[in-house]
4 protein chains.
Amino acid sequence: MSAQDRVPVGIIGASGYGGIQLVRLLLEHPSVQVTYMGGSGSVGQNFADLYPHIAHAVNLPIENLEPEAIADRCKIVFLSLPNGLASKIAPRLLAKGCKVLDLSADYRFTDLQVYESWYKESRTDTEVNSKAVYGLPEIYRDRIATADLVGCAGCYPTASLLALQPLLKQGLVDPSTIIIDAKSGTSGGGRQPKTNLLLAEADGSLGAYGIASHRHTPEIEQICSDMAGQEVLVQFTPHLIPMIRGILSTVYAKLRDPGLVKEDVLTIYKSFYRNSEWVQVLPKNIFPQTKWALGTNLCYLGVEVDERTGRVIVVSAIDNLMKGQAAQAVQCMNIMMGWEESLALPKLTFYP
Amino acid sequence: MSAQDRVPVGIIGASGYGGIQLVRLLLEHPSVQVTYMGGSGSVGQNFADLYPHIAHAVNLPIENLEPEAIADRCKIVFLSLPNGLASKIAPRLLAKGCKVLDLSADYRFTDLQVYESWYKESRTDTEVNSKAVYGLPEIYRDRIATADLVGCAGCYPTASLLALQPLLKQGLVDPSTIIIDAKSGTSGGGRQPKTNLLLAEADGSLGAYGIASHRHTPEIEQICSDMAGQEVLVQFTPHLIPMIRGILSTVYAKLRDPGLVKEDVLTIYKSFYRNSEWVQVLPKNIFPQTKWALGTNLCYLGVEVDERTGRVIVVSAIDNLMKGQAAQAVQCMNIMMGWEESLALPKLTFYP
Amino acid sequence: MSAQDRVPVGIIGASGYGGIQLVRLLLEHPSVQVTYMGGSGSVGQNFADLYPHIAHAVNLPIENLEPEAIADRCKIVFLSLPNGLASKIAPRLLAKGCKVLDLSADYRFTDLQVYESWYKESRTDTEVNSKAVYGLPEIYRDRIATADLVGCAGCYPTASLLALQPLLKQGLVDPSTIIIDAKSGTSGGGRQPKTNLLLAEADGSLGAYGIASHRHTPEIEQICSDMAGQEVLVQFTPHLIPMIRGILSTVYAKLRDPGLVKEDVLTIYKSFYRNSEWVQVLPKNIFPQTKWALGTNLCYLGVEVDERTGRVIVVSAIDNLMKGQAAQAVQCMNIMMGWEESLALPKLTFYP
Amino acid sequence: MSAQDRVPVGIIGASGYGGIQLVRLLLEHPSVQVTYMGGSGSVGQNFADLYPHIAHAVNLPIENLEPEAIADRCKIVFLSLPNGLASKIAPRLLAKGCKVLDLSADYRFTDLQVYESWYKESRTDTEVNSKAVYGLPEIYRDRIATADLVGCAGCYPTASLLALQPLLKQGLVDPSTIIIDAKSGTSGGGRQPKTNLLLAEADGSLGAYGIASHRHTPEIEQICSDMAGQEVLVQFTPHLIPMIRGILSTVYAKLRDPGLVKEDVLTIYKSFYRNSEWVQVLPKNIFPQTKWALGTNLCYLGVEVDERTGRVIVVSAIDNLMKGQAAQAVQCMNIMMGWEESLALPKLTFYP
């Protein structure tokens, strides 16, 4: 594709960790051209001032968040902003004919009251919201294909839902017994400096947070309920791990049929994901390291059944900034545009 | 106490991570004197050859594991050896009148068949084993006080059992719903070089291991069953974290009384551990970092109740090499000898 | 010493990393009692709100920085504040008869013009400054013993000057050839959140900073010049290392006598520091790890001579927050008060 | 290029860290096909048994190191073996018409006596060695283009020589004053388990090693001497840093002309490397983080002049396994084959 045929794309919120991932992926994408970088705190600076290592590849300024100006120069817009901002911008971009992919939580909820009660923001864009599709292609690929607005899935939900999907869709487990013990690197906390994310605080240590109260809980529950065909509550506990990137989700549930053994469940998983290029079901007795997924769009799943307790345990590993954020957004874009789904999506990490 | 009144102590397996902790603690203990360091691979070397930083404080050779020679020079012996070795040495030390504290799994099981089936070792020292006491003072202080042989508690069991004790002893939870999702630094894997413990492999990554099969499972179950007064099976999943020291145990269980709120459960915990100097129950909404416990004999507990799901979640943090190993062994020794229980036990970490 | 005989001590700037170290050391010091904790941003909070892990040991509020109020309740005051603040407070504390130990740079320079040009602060307390003693006991122990005001040595200078002292005092090297390549953990950057100190930025990476311009340069040069008896300029380059604590200083200089071999230089070092409990000269071919010094007041030195190039290379390791800051301040206090110099100073790290 | 037109390539020593990087790069290289993976300890295993995360992309067995069998199936062979082995295999591969790229030290020295004295191996392949070219394209591109045997540059030498090249070729510094203080992640120590490379040992700590004796010293000196046109001795000190990948080399030298300021030297560097795609000279006052180079073939250079001391300081950052090893080998291959030099070479890291 020649340069002038590339589709113009904007990245709003380019200076955060989601933004820098999008920049890298889109610079190497054969069908698009980055034409707009928007921000707030860093307007007027050049992107390469913020990230000098990338100066040899990109030389764009950070511009204002003015939706009409963005829409004039972009056909596709990625919004990588704090929660509550996308819903102020997206309707204006959509009205001008842009396709919009939002990386925040704003467009992940079908019921805005759930959003409002967990995020403490009021919302009036009910109609726009009703057209948004949840951006997790391995669950909602068909809907994404025809969407103009995608609310990309959260990082913890991506890891957890891919682990749970075969169990819930095939009715293998009692949904009231689901426990998700998740662990994330600190980049999930963003690039704004906070004391608890300092290396001197977070390195060499480990803790839980948001117990029984983390905002990804209702997001996971909404999709689990959709998959199970009944209302599902989950126990979700995130932990902060002394590493930069990666999420490991350890998921527990009681099997409905105590006669199922791990070979059975593995067969079900392999069959379920046999056509899913980005979900790798590991062989028996192999469980993933988060490191395996770093820099890629892959999700690795390891499956175990404890015959003593009647539980299935699924361990899921992703890169929180890639399959958990920017790469999955690019995957959604590829689907929305009718392009080959794997365009520009890395699948080999640089181990170790 | 003058030097000649100090009780002579031996450390067998001094060169490993358990050993070096014991050395540090016992060098600073006012009532003992280290008179024997035993090892296998490093016999003939000086301890300071292995750990040059400690040359200014200790200057003993690593000697053979000859029980009678050890007993001639020691009244108290710490065994910090691979599983299966202590049970070959301890009976001969006991026969010579030594008090023995074993840091391996050999003397943790009342039922040797359980040991044999999980550890794949056969055992014939049934009578000696029957006199061993499980070395977790906050549960078995009285028995430890009169014991000559203590099988010190494992690291994961210590963190998990202290979290579970009030729940099980007071019948607050359904024991069949207990899930323990535990996370440990890599020093728990010992000092023998293994590929998966290399910094280049383990840093920046996270994984589960021993799912549904880790040997600490039956140890936790034995003590839980004793506390609950009924047979208890637990779901135990350990994870390897990219840090050196520390264990965080996140424990889940269904409350029997759905009307209990977190203030109730916190009150019960504070009351239960009010006289336990080494167990710190944190205030409401505060959850521990493993870093808070590093270098100390403390266990920090944070308690939450999820009213939506009816579960209690307890988060427990210890230093795996201290409360999870060497410091707890010294605590047991202090109790066995009738000394002040807190002698030489650190309670302030060097944060950060 | 009974509680009422303990000397009352204040820690001003208790909430930073220097402060929390001082708190820990002074809580365990047998001759003092902490009676005042002062701060600015956190006034009104309890110290245990900032550091919940320490609630079992200390329960004091953070109070205002009002010098006369402090002096009423303290005989000794540690100032652990940003540069430029101590010189506003110390004169008033001294006037009320307190002994003052300042951990900032304010009282490290005999020539205030040097301070003013490197620190961009103007100073009028010339007379008070002229009475300050540089707080590095292994160089200025006698002067510290009679001082009322000590400007405690910086972290990089401590590591570098202890490495250079024998070379400069004995005229072994050409001072114009000194290069100090130093490496520090990120806690040296303090607890105020900054983007470059986030784990997500600093972990897994390494960089130099302050090349040819770091403020510790004139401090090192002042003391080197004093030791050499001639003006000395040094090349000093600090680096930020992905770890919390510790400084390693690698020092290079040309030997004046090319016939000296490493055994000679080692002999000189061992002799020079034979009575210095806190400086450990390592055996031939052994070089220190920063980890060996963590949590202690020790400085480890390794010495090499390269006969091919005629250079001596000295590697020095300290804990930047202990010998490089808080523990050295306590050592100075012990000397100022005529107490045993090693009181409450740790000398065994908890390895690994 | 269709699959059957791809050039068949062998990777000998595929299971180490150099090997896994080569596998990743060559799998994504459009002009080659990996047809042979050779090893020793892991013969008979499948590559995906060693690295399960890569099973979706490669499915080859590890085969024997039999040169004639290799030559039958490969036109290009990468040797990633311990020092001393390549020189036993390369002559036989060359005799069968293969092009050989050796990642060990065997073919880096024009004078085999230097090799023999530093590596303690005897060598008889003088004639083959005389045809080897030193594999650092930014210095020897023309010679590499016509070579059949390339001895790829070491990791520390690559970082150090790229920093020194403009200074030495343009005679700007006194070569007798060169000091190279280098810092490397632990992956440079390989994947064979060693105690000092365990996370529990190496994390949170820092030390120097090989002071005045590291084997990269004569390698650096050989190329420096060639660039300077006179014999050069350097002071080289490597350090082990608690991170996986990356090398930072801090290079010091006295300027011959004390009137040069940093703008002058920066201009010289930018001009010198203006056509070098893989060497990025940073703007004034910007110095590289090793993280900027991770996963790429780039070398970042920051330049400073200290007018007080008359020294130039150059800081150089690379990924030790990429520009310092595997990616540079692929760059050499591209040049040897007359392909576009940048084929399959990454130039955007995944920050953070």
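The values are calculated or read from the model by the stated rules, or taken from the named source; none is laboratory data. Only a predicted model underlies this, so the values are computations on that prediction, with no experimental measurement involved. Here the Cβ is made from the backbone with ideal geometry for all residues, glycine too, and neighbour counts use every protein chain on show. Side chains included, ligands, DNA and RNA excluded: accessible areas come from the protein's heavy atoms. Shrake-Rupley method; radii C 1.70, N 1.55, O 1.52, S 1.80 Å.
Structural remarks
- Within segment A:24-60, the set of residues being farther than 21 Å from D:CYS299 by Cα and in a helix (DSSP H, G or I) comprises A:LEU25, A:LEU26.
- For B:LYS254: the one exception among (1) within 7 Å of another protein chain (Cβ to nearest Cβ); (2) in contact (Cβ under 8 Å) with a residue 24 or more places away in the chain; (3) more than 26 Å from D:PRO242 (Cβ to Cβ); (4) open to solvent by 40 Å² or more (accessible area, probe 1.4 Å): (1)
- Segment D:166-208, subset touching a Phe, Trp or Tyr at 6+ places or on another chain (Cβ under 7 Å) and away from chain C (no Cβ under 14 Å), residue farthest from D:LYS270 (Cα to Cα): D:ARG191
- With respect to the conditions (1) without any contact (Cβ under 8 Å) to a residue 12 or more places away in the chain; (2) of a type outside the set (Ser, Thr, Tyr); (3) not assigned by TED's automatic domain parsing to the domain that holds A:ILE220, A:LYS194 falls short on a single one, namely (3).
- Where D:GLU340 falls short, out of the listed (1) in contact with a helix residue (DSSP H, G or I) (Cβ under 8 Å, 6 or more places away or on another chain); (2) away from chain A (no Cβ under 11 Å); (3) touching a residue at least 24 places away in the same chain (Cβ under 8 Å); (4) closer than 23 Å to D:TYR140 by Cα: (3)
- Looking only at residues in segment A:1-23 that are open to solvent by less than 40 Å² (accessible area, probe 1.4 Å) and free of Cβ contacts under 8 Å to residues at least 60 places away in the same chain, the one that is nearest to A:ILE70 (Cα to Cα) is A:VAL23.
- The number of residues in segment D:287-320 being among the charged types (D, E, K, R) and under 12 Å from the mean Cα position of the chain (by Cα) comes to 1.
- Number of the exception - D:ILE318 against (1) in contact (Cβ under 8 Å) with a residue 60 or more places away in the chain; (2) open to solvent by 20 Å² or more (accessible area, probe 1.4 Å): (2)
- Only one of the numbered conditions (1) more than 29 Å from B:GLN280 (Cβ to Cβ); (2) open to solvent by less than 30 Å² (accessible area, probe 1.4 Å) is not met by B:CYS224, and that is (1).
- Residue in segment C:286-298 that is at positive phi and surrounded by fewer than 19 Cβ atoms within 10 Å (Cβ to Cβ) present: no
- The numbered conditions (1) in contact with a strand residue (DSSP E or B) (Cβ under 6 Å, 6 or more places away or on another chain); (2) under 27 Å from D:TYR252 (Cβ atoms) are all true for D:GLY189 except (1).
- Any hit, segment B:317-332, residues being under 24 Å from B:VAL23 (Cβ atoms), in contact with a His (Cβ under 9 Å, 6 or more places away or on another chain) and outside the structural domain of B:LEU81 (by TED's automatic domain parsing): no
- Taken together, B:LYS323, B:LYS284 contain a single residue that is over 30 Å from A:SER316 (Cβ atoms), under 21 Å from the mean Cα position of the chain (by Cα) and among the basic types (Lys, Arg), which is B:LYS323.
- Residue satisfying condition, being open to solvent by less than 10 Å² (accessible area, probe 1.4 Å) and free of Cβ contacts under 8 Å to residues at least 12 places away in the same chain, within set D:LEU199, D:LEU248: D:LEU199
- When A:PRO137, A:PRO175, A:PRO218, A:PRO166 are checked against the criterion of being touching a residue at least 60 places away in the same chain (Cβ under 8 Å) and either polar (S, T, N, Q) or touching an Asp or Glu at 6+ places or on another chain (Cβ under 8 Å) (or both), A:PRO137 stands alone in meeting it.
- For segment C:229-243, the criterion of being open to solvent by 20 Å² or more (accessible area, probe 1.4 Å), within 7 Å of chain D (Cβ to nearest Cβ) and not acidic (Asp, Glu) is met by at least one residue.
- Within the option set C:LEU65, C:LEU60, being in contact with a Gly (Cβ under 6 Å, 6 or more places away or on another chain) and closer than 30 Å to B:GLN289 by Cβ holds for one residue only, C:LEU65.
- For segment D:269-304, the tally of residues that are charged (D, E, K, R), more than 22 Å from C:ALA200 (Cα to Cα) and either at the interface with another protein chain (Cβ under 7 Å from one of its Cβ atoms) or touching a residue at least 24 places away in the same chain (Cβ under 8 Å) (or both) stands at 2.
- Considering residues of segment A:22-55 that are closer than 18 Å to A:PRO82 by Cβ and within 14 Å of another protein chain (Cβ to nearest Cβ) only, the residue modelled with the lowest pLDDT: A:GLY41
- Condition met for B:SER213 (at negative phi, within 13 Å of another protein chain (Cβ to nearest Cβ) and either open to solvent by 20 Å² or more (accessible area, probe 1.4 Å) or basic (Lys, Arg) (or both)): yes
- The criterion of at least 1 residues that are assigned by TED's automatic domain parsing to the domain that holds D:TYR252 and open to solvent by less than 20 Å² (accessible area, probe 1.4 Å) is met by the following helices (runs of 4 or more DSSP H) wholly inside segment D:64-180: D:155-169.
- Subset of segment D:321-337 [open to solvent by 30 Å² or more (accessible area, probe 1.4 Å) and within 14 Å of another protein chain (Cβ to nearest Cβ)]: D:GLN325
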